[in-house]
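Note sheet for the following structure.
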Amino acid sequence: FIVTHTFLHGKIPWRKVWVTMKYLVGLSCEDYYHYDNIRFCHNDLFLLQETLINFCDYAKENVHSQMLYKDVDESDCEYWYSEISKICNKMTPYDSILFYFAGHGMALGEDAFLLLPNSVPGDELNTALSLSKINHILKKSKGNAFVIIDACHSGLDVRGDMSAGFVTKLLDKS
């Protein structure tokens, strides 16, 4: 915190002003090995990042965003779990973290997954980001956590059934 003072009728009352940190972890994926490629996800991440830095008091050094491509180290889910954990571990009650993802998403069993460029069908647990695991990490932070998911396959499936859809998994508070 920063200690400041103000002059009030010749007296100097001291007050504490808490410095808040705002963090972004933003990911976007457009090209996939095993899923259909999509467009404009990288643009969406770029615009969000620029908006937060230029208009919402996010410091550039607290913005951790990556436009993910095939065969890059940052396409590893453990890397992102670790990055999110590092930020959450240093947060104070006055800080906030925003997790943003643009790309493909899918519900599978009791979990929902955010697909990375190298995600493999049938091995999502090891090659895609588990939304349950991300939520678990975010809940450990002392500050406020916000999640924005812009993911294909997030609404009704082709049969019009939402009961086991991605949205249902997103709304699960576990």
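The values are calculated or read from the model by the stated rules, or taken from the named source; none is laboratory data. The model shown is predicted, which means the values in this text are computed figures rather than measured ones. Every residue, glycine among them, receives a Cβ derived from its backbone with ideal geometry; neighbour counts consider all protein chains shown. For the accessible areas, the whole protein counts, side chains as well, though only heavy atoms, and no ligand, DNA or RNA atoms are used. Shrake-Rupley method; radii C 1.70, N 1.55, O 1.52, S 1.80 Å.
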- [ ] State all residues of segment 128-147 that are out of contact with any Pro (no Cβ under 9 Å at 6 or more places or on another chain) and assigned to a loop (DSSP other than H, G, I, E, B); if no residue qualifies, say none.
- [x] 140, 141
Open item on the list: Looking at residue 57 and the list (1) touching a helix residue (DSSP H, G or I) at 6+ places or on another chain (Cβ under 9 Å); (2) within 25 Å of residue 93 (Cβ to Cβ), which single condition is not satisfied?
Closed with: (1)
- [ ] State yes or no: is residue 150 in a strand (DSSP E or B) and among the charged types (D, E, K, R)?
- [x] yes
Task: Close pairs (9 angstrom Cβ cut-off, 6 or more residues apart or separate chains): within 16 Å of residue 118 (Cα to Cα) in segment 29-56, open to solvent by 100 Å² or more (accessible area, probe 1.4 Å) anywhere - done: 29/69; 30/39; 30/40; 30/69; 31/69; 33/71
TODO: Residues being touching a helix residue (DSSP H, G or I) at 6+ places or on another chain (Cβ under 7 Å), without any contact (Cβ under 8 Å) to a residue 60 or more places away in the chain and not in a strand (DSSP E or B): count how many of those fall in segment 95-124.
DONE: 0
Open item on the list: Being among the hydroxyl-bearing types (Ser, Thr, Tyr), under 17 Å from residue 136 (Cα atoms) and open to solvent by 40 Å² or more (accessible area, probe 1.4 Å) is the requirement here; does residue 82 meet it?
Closed with: yes
Task: Scope segment 68-93; condition out of contact with any Pro (no Cβ under 9 Å at 6 or more places or on another chain), outside any loop (DSSP other than H, G, I, E, B) and in contact (Cβ under 8 Å) with a residue 40 or more places away in the chain; matching residues - done: 77, 80, 81, 83, 84, 85, 87, 88, 89
TODO: With the condition kept exactly as written, say whether any residue in segment 64-78 is over 18 Å from residue 150 (Cβ atoms), at pLDDT 95 or above and open to solvent by 30 Å² or more (accessible area, probe 1.4 Å).
DONE: no
TODO: Just give me the residues in segment 85-112 being hydrophobic (A, V, I, L, M, F, W, C) and open to solvent by less than 10 Å² (accessible area, probe 1.4 Å), in sequence order.
DONE: 87, 88, 91, 97, 99, 101, 102, 112
